[in-house]
Amino acid sequence: MTQRKLIGVLTPSSNTALEPLTSAMVSSLPGVSAHFSRFTVTEISMRDQSLNQFDDRKILDAARLLADARVDVICWSGTSASWLGFEKDQALCARITEATGIPATTSVLALNELLAAQGARTLGLVSPYVADVQERIVANYARLGIECVAEQHLDLSVNFSFSEVAPETLRRMLREVARARPEAMTIMCTNLHGAQLVEEMEGELGIPIYDSVATVVWKALKTIGVDPRELKGWGRLFHESA
């Protein structure tokens, strides 16, 4: 019997993009499958009600459910640490592993690892978020020594609405950000249908684009011992990263 590789994915409850995208990405890899566990996230803002959605206790409950499926890695496919602080994801991963014995990673930590490996010092930021969330993300990357030289955001706060953003809107935002010629660009949100646009837009713009759904899949594959280069059609991230 072929040994299976099981990727556990923590999902915001109102997200309808990341599950089909993640499953589509790994569907071409023999024996690899993605499995999901949700916790409540319906709003993205700096209001206390929104910030409290990311209480570790709720996330750990969802992670324990994934552990019942004996997954090989647990991934937080979400971007909350980009505005709450990167240390939040570092602590969360440690707590997940302590509670389940399973290695853990996140979209944002994977993105930061990729930016460090590239040596990127300038970043283009595309998101659906409101202005004060976007400003917090920019400030957090500045503390890493990475300047957001261009950004585009949609001033949306209802998480479900992110999944209804049209592909052409994302293309327009990427083109606008690319005018500043950053060393890398990121689509910062796992409820946008951006991952499937990356290969097309990298070809057009000539800049690496790191989508938040794709970054955590890349790190998950590395963690479970699958060469990310086996995944075709999802952008330079998988072509060039081993």
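Every number in this text was worked out from the coordinates using simple rules, so none of it is lab data. Please read all numbers here as calculations on a predicted model, not as lab measurements. Glycine also receives a Cβ, built like all others from the backbone with ideal geometry; neighbour counts cover every protein chain displayed.
Tell me the mean residue ellipticity at 222 nm calculated for the chain from its helices only (DSSP H runs of n ≥ 4, each -39500 (n - 2.57), averaged over every residue, nearest 500). Could you put the intermediate results ahead of the total?
Values: 12 runs with 111 residues, N = 242.
When only DSSP H runs of four or more count, the value is -13000 deg cm²/dmol.
Over all distinct Cα pairs, what is the inverse of the mean 1/r for region 126-242, reported as the Kirkwood hydrodynamic radius in Å?
On the way: mean 1/r = 0.0677 Å⁻¹.
Evaluated on region 126-242, it is 14.8 Å.
Under 5 Å between amide H atoms, partner at least 5 residues away or on a different chain: which partners does Phe39 have, H built in plane at 1.01 Å?
Amide H to amide H, under 5 Å and 5 or more residues apart or across chains, Phe39 pairs with Thr11, Ser13.
Specify which residue in the list Ile102, Leu6, Ala81 is farthest towards the positive end of the charge dipole of region 1-147, using unit charges on the beta carbon of Lys, Arg (+1) and Asp, Glu (-1), about the Cα centre.
Leu6
How high is the relative contact order of the chain, in percent, counting Cα pairs under 8 Å that sit 6 or more residues apart?
Values: 480 pairs, mean separation 51.7, N = 242.
RCO, the chain: 21 percent.
Mind checking which of Val217, Val32, Val73 has the largest fluctuation in a GNM of the chain, springs on alpha carbons under 10 Å?
Evaluated over the chain, the most mobile residue of the options is Val32.
Rounded to the nearest 20 debye, what is the charge dipole size of region 110-211 about its Cα centre when +1 sits on each Lys and Arg Cβ and -1 on each Asp and Glu Cβ? Present the calculation step by step, with values, prior to reporting the outcome.
Numbers: 8 positive and 15 negative charges, 52 e Å.
Dipole of region 110-211, to the nearest 20 debye: 240 debye.
Tell me, what ³J(HN,Hα) does each residue in region 96-113 have, in order and in whole Hz, if you take phi through Karplus 6.51 cos²θ - 1.76 cosθ + 1.60 with θ = phi - 60° and put x for Gly and Pro?
Per residue, the Karplus-derived 3J(HN,Hα) values read 4, 5, 4, 7, 10, x, 10, x, 9, 8, 9, 4, 6, 5, 5, 4, 5, 5 Hz.
Please list 3J(HN,Hα) in residue order for region 54-60, calculated via the Karplus relation 6.51 cos²θ - 1.76 cosθ + 1.60 where θ = phi - 60°; whole Hz, with x for glycine and proline.
9, 4, 4, 4, 5, 5, 5
Between Glu43 and Arg172, what is 0.36 nm times their sequence separation minus the Cα-Cα distance? Round to one decimal in nm. Please report the intermediate quantities before stating the final value.
Working: separation 129, 0.36 × 129 = 46.44 nm, distance 2.44 nm.
Extra length from Glu43 to Arg172 when fully extended: 44.0 nm.
Note down the nm distance, to one decimal, between modelled labels 7 Å out along Cα→Cβ at Ala94 and at Glu200.
The modelled label-to-label distance comes out at 4.3 nm.
List the residues, sorted by chain then number, that are 5 or more residues from Val32 or on another chain and whose placed amide H is less than 5 Å from its amide H.
Lys5
Under the Karplus relation 6.51 cos²θ - 1.76 cosθ + 1.60, θ = phi - 60°, what is the ordered set of whole-Hz ³J(HN,Hα) values for region 20-37, x standing for Gly and Pro?
Running phi through 6.51 cos²θ - 1.76 cosθ + 1.60 with θ = phi - 60° gives x, 5, 4, 5, 5, 5, 8, 5, 8, 9, x, x, 9, 9, 10, 9, 10, 9 Hz.
Kirkwood Rh, region 55-155, all Cα pairs: how many Å? Don't skip to the end; give the middle numbers.
Numbers: mean 1/r = 0.0686 Å⁻¹.
The Cα-based Kirkwood calculation yields 14.6 Å.
State, in angstrom, two size descriptors of the chain derived from its alpha carbons: Rg to one decimal place and Dmax to the nearest whole number.
In Å, with Rg to one decimal and Dmax whole: 16.5, 51.
Please compute the modelled spin-label separation between Asp55 and Glu113, points set 7 Å along Cα→Cβ, answer in nm with one decimal.
The answer from the label model is 3.0 nm.
Just want to confirm a number: the relative contact order over region 187-242, from Cα pairs under 8 angstrom separated by 6+ residues, in percent.
Numbers: 65 pairs, mean separation 20.0, N = 56.
After rounding, I find 36 percent.
Beyond 19 Å, what share of the Cα-Cα pairs of region 1-90 remains, rounded to the nearest whole percent? The partial results should precede the final answer.
Numbers: 1708 of 4005 pairs.
Cα-Cα pairs of region 1-90 separated by over 19 Å account for 43 percent.
Amide H to amide H under 5 Å from Tyr210: which residues, 5+ apart in sequence or cross-chain, H placed 1.01 Å off N in plane?
For Tyr210, whose amide H was placed from the backbone, the distant partners under 5 Å are Met185, Thr186, Ile187.
May I ask you to list the residues of region 153-187 whose amide nitrogen lies under 12 Å from a point 7 Å from Cα along the Cα→beta-carbon direction of Ala139?
No residue qualifies, since no backbone N sits under 12 Å from the label point.
Out of all DSSP beta bridges in the chain, what portion is antiparallel? Express it as a percent rounded to 5. Please list the in-between numbers first.
Values: 1 of 28 bridges.
Beta bridges within the chain, antiparallel portion: roughly 5 percent.
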